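Reading through the structure tokens given below for one structure.
Read-outs throughout are calculated quantities, based only on the coordinates presented, and are distinct from any laboratory measurement. Values in this document were obtained by computation on a predicted structure and should not be read as measured data. Here the Cβ positions follow ideal geometry from the backbone for every residue, glycine too, while neighbour counts run over all protein chains shown.
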Amino acid sequence: MFIKRKQEQKEEKVYELRAVEIWQCPQCIGWMQKEFTTSQNPTCPFCSSNMVSSVRDVNVMLE
């Protein structure tokens, strides 16, 4: 006897492009979102330079 199972429908993840405030390193490619930093004036974890404030477009997953 064979039982035919319903195929599960996979939900597609939906993303939206948003402008996010970041800290960006002027010396290398390092950057991090401001909301995840603990310092007011962070240094780059790669080259130890002082980071500058900037904005970057990031894909954010919608709920």
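Using only Cα positions of the chain, each an equal point scatterer, no hydration layer, compute I(q)/I(0) via Debye at q = 0.21, 0.30 Å⁻¹ and quote the log10 values to two decimals. After summing over all Cα pairs, the log10 values are -0.85, -1.23. Applying the criteria of a DSSP loop state and at most 14 other Cβ atoms within 10 Å to the chymotrypsin sites (Phe, Trp or Tyr not before Pro) of the chain yields F2, F46.
A DSSP coil position with no more than 14 other Cβ atoms inside 10 Å describes the following GluC sites (Glu not before Pro) in the range 1-49: E8, E11, E12. In this structure the amide hydrogen of G30, modeled in the peptide plane, comes within under 5 Å of the amide hydrogens of C25, none closer than 5 places in sequence on its chain. Here the Karplus curve 6.51 cos²θ - 1.76 cosθ + 1.60, taken at θ = phi - 60°, turns the phi angles of the range 54-60 into couplings of 7, 10, 9, 7, 10, 6, 10 Hz, with x standing for Gly and Pro.
Looking at the chain, the trypsin sites (Lys or Arg not before Pro) that sit in a DSSP loop and have at most 12 other Cβ atoms within 10 Å of their own Cβ are K4, R5, K6, K10, K13.
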